[in-house]
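A.B. asks: This is the structure I have questions about; it appears just below.
Bear in mind these aren't lab numbers, they're just calculated from the coordinates by the rules spelled out. The shown structure was predicted, so the numbers you read here are calculated from the model rather than taken from an experiment. We place every Cβ from the backbone using ideal geometry, glycine too, and count neighbours over all the protein chains shown.
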Amino acid sequence: MPERRVYFNYSPRPWQAQVLNRLAAHRFAVIVAHRRAGKTEVMTLRLLLAAMVAGATAEIGPPAAKTQFQSAGRRHPAPLFAYIAPFLNQARAVAWGRLKYYGRGLPEVRINETEASLTLWNGAVIRLFGADYPDRLRGLGFDGVVLDEVAQMKPDTWGAVVRPALSDRRGWAVFIGTPKGQNVFHQLYTEALAKEDWFAGLYPADKTGVIPADEIASLLTDMPPDLYRQEYLCDFTAANADSFIDFVSVHEAAKREAPVHNPAPLVFGLDVARFGDDRTVLVRRRGRILEDILIRRGQDLMRTAAEVAEAINWHKPQAVFVDVVGLGAGVVDRLRQLGHRVIGVNSGTKAMNPDKFVNLKAEMWSKMRDWLAESAVMPDRQELRDDLLAPRYDFDHSGRLKIESKDDLKARGLASTDTADALALTFAQPVALASRRPMEQKFYDRD
C-alpha cells in the first residue's frame with residue numbers, strides 16, 4: 001500500500017504535544033489535566049493517529065510548523081480502537097463531534113452514526129462505548145483505548161474487562177480526567193508514577209497556559225477555593241477540608257526558588273517500609289530546603305542500610321533520624337554496627353511538649369507544618385504533595401493534638417504517607433549547625 005499523508009488543521013498546545021510524544025513511548029498512561037485543558041481533543045487525535053497503518057504519516061499544525069507522527073508496530077487484520085466514557089451518551093456528547101471533525105480529513109473515511117464509529121481506509125475502526133454495560137465490551141479485542149472519567153465507571157471495567165481485551169494485541173490504554181477526590185483515578189495516577197511502562201502526567205492550569213491570567217483571576221473570585229484547587233490545580237486532596245496541612249502552604253513551597261547560600265545543618269529522615277505497597281523513603285533537609293527524596297519499594301533491610309550508609313558517608317549529615325516502628329529498628333542496628341551515629345525515633349512515644357501533643361508524631365507533624373508555612377522550599381513531586389495533605393487531625397479530651405494514623409488512612413482507602421513521614425522525622429529533635437558544610441550533591445541513586 002502506498003504511503004498516505006494526512007494533514008490535520010490543528011496545532012497542539014505545548015502540553016498536548018508533550019503528551020503525544022510521551023504516549024508514543026509508553027504503553028499505558030494516566031493524564032490528569034484541568035477543566036477545559038483540551039484532554040478530549042488530544043485523545044481524539046491520539047486515536048486517529050494510532051488507527052493509521054504502518055508507513056502512513058499524519059501531519060499536525062500549520063504548514064510552516066508541521067509536526068509529523070508516523071504509526072509503528074505490526075498491524076492487526078481488523079484494528080479496533082475505543083473511546084470509553086462512563087455512559088455512551090456521555091461519550092457522544094464529549095468526543096463524537098471532535099472525532100468526526102478530524103476524521104473527515106482522512107481519505108475514504110466512513111462514519112456510522114448509529115454505532116458511533118469511524119472506519120478508515122485501512123479497515124481500522126474507532127468506536128465510542130459506554131462503561132455502564134461493561135459486558136458489551138467482553139469478547140472484543142482492542143489495539144488502543146482511551147478511558148475518560150474512570151472513577152465513575154463500574155469497579156471491574158478496567159481490570160476485568162478492558163485490560164484483558166488488550167492482551168493478545170498488546171494494545172495501549174490512556175486514562176484521562178480531572179481530580180474528584182482520592183478515588184480509583186487517583187490510585188491509577190499514583191501507581192503510574194512507580195511503573196516503568198506507564199506515563200503519569202499532571203497538567204494544572206498554572207502550567208498549561210490554556211486559561212488566560214485574567215480568567216484565572218476571575219475564577220479565583222467566583223469559585224470556592226477547594227473547587228478551584230480541584231478543577232484547575234488538579235489537586236486530588238481538595239475535598240479534604242479537614243486536612244492537617246493546608247494546600248496553599250504545600251503549593252507555594254513547591255514553587256519557591258532555593259536560596260544560593262544555605263548554612264543550615266543537614267538532616268536525614270528515614271521511614272522504613274513495613275509491608276505491602278509501603279515505600280522506604282530517605283529525605284535530605286537542610287533548614288528551609290528539602291533537598292532531595294530517595295524512594296525504594298520492595299527492598300530488603302540490608303540493602304536499605306547499605307544505601308543509607310553510603311549516603312551518610314557522602315553527605316555527612318549532622319543528624320540521621322530513623323523510624324524504629326516496625327522494621328526500622330533492624331536498619332538502626334545495622335547502621336550502628338557499621339559505625340554510624342543514628343537516632344531511632346518512635347513516633348508513638350511521649351512528645352517533648354506532652355501538654356500540647358498526644359504523641360511525638362503529632363509534634364513532628366506540627367513542626368513540619370510550621371516549616372512549610374515559613375518559606376520552605378521542596379521538590380514539586382506529586383507523591384509528596386499527596387502524603388502531606390492526606391492526614392486529618394483531631395484533639396483528645398485534654399485538647400491535645402493528634403494526627404491520623406497510617407492504619408486509619410488505609411481504612412479510608414489512602415496510601416501510607418511515607419514521604420511525608422520521612423520528612424517529619426527530620427523535626428524529631430533540634431539539630432545544631434556543624435563546623436563545616438557538606439558537599440552539595442544529589443542522592444547518588446535517585447529513582
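A.B. asks: If each residue of separation counts as 0.36 nm, what is the full-extension length gain between residue 340 and residue 216 once their alpha-carbon separation is subtracted? It would help to have the intermediate numbers written out before the result.
C.D. replies: Values: separation 124, 0.36 × 124 = 44.64 nm, distance 5.14 nm.
Additional length available on full extension: 39.5 nm.
A.B. asks: What are the aspartates and glutamates whose alpha-carbon lies under 14 Å from the alpha-carbon of residue 406, with same-chain residues fewer than 8 places away excluded?
C.D. replies: 271, 277, 278, 323, 386, 387, 418, 421
A.B. asks: Just from its helices, what would the mean residue ellipticity at 222 nm be for the chain, if runs of 4 or more DSSP H residues each count -39500 (n - 2.57) and the sum is divided by every residue, rounded to the nearest 500 deg cm²/dmol?
C.D. replies: Rounded to the nearest 500, it is -8500 deg cm²/dmol.
A.B. asks: Give me the percent of DSSP beta bridges within segment 5-221 that run antiparallel, rounded to the nearest 5.
C.D. replies: Here the share of antiparallel DSSP bridges comes out near 25 percent.
A.B. asks: Antiparallel versus total DSSP beta bridges in the chain: what percent is that, nearest 5?
C.D. replies: Roughly 40 percent of the beta bridges in the chain run antiparallel, per DSSP.
A.B. asks: Rounded to the nearest 0.05, what FRET efficiency do residue 257 and residue 168 give with R0 = 56 Å and r taken as the Cβ-Cβ distance? Could you check?
C.D. replies: Given R0 = 56 Å and the Cβ-Cβ separation, E is 0.65.
A.B. asks: Output the DSSP H helices from the chain with an along-axis C-alpha extent of no less than 15 Å and a mean Kyte-Doolittle hydropathy no less than -1.0.
C.D. replies: Counting only whole DSSP H runs, the qualifying helices are 39-50, 301-315, 360-373.
A.B. asks: For segment 164-237, state the average projected area of the convex hull of the C-alpha atoms over all orientations, rounded to one decimal in nm². Please report the intermediate quantities before stating the final value.
C.D. replies: On the way: hull surface 24.9 nm².
For segment 164-237, averaging the hull's shadow over all directions gives 6.2 nm².
A.B. asks: Right, another one. May I ask you to work out the translational diffusion coefficient for segment 5-221 at 4 °C, viscosity 1.567 mPa s, via Stokes-Einstein with Rh from the Kirkwood sum over Cα pairs, reported in whole µm²/s?
C.D. replies: 73 µm²/s
A.B. asks: Only four residue types carry charge here, +1 at the Cβ of Lys and Arg and -1 at the Cβ of Asp and Glu. Report the dipole size of the chain about the Cα centre in Debye, rounded to the nearest 20.
C.D. replies: Roughly 1000 debye, rounded to the nearest 20.
A.B. asks: Oh, and also: How would you order 209-219, 413-423 from highest to lowest mean count of nearby Cβ atoms within 10 Å?
C.D. replies: By packing density, highest mean first, the sequence is 413-423, 209-219.
A.B. asks: Follow-up question, since we're still on this one. Regarding the chain, what whole-number volume in Å³ per residue does the convex hull of its Cα atoms give?
C.D. replies: 178 Å³
A.B. asks: For residue 100, give me every one of the aspartates and glutamates with a C-alpha distance below 16 angstrom, ignoring sequence neighbours fewer than eight places off in its own chain.
C.D. replies: Cα-Cα hits under 16 Å: 41, 108, 113, 115.
A.B. asks: Need one number: the % of Cα-Cα pairs in segment 264-425 sitting beyond the 23 Å mark.
C.D. replies: Counting pairs separated by more than 23 Å, the tail of P(r) holds 36 percent.
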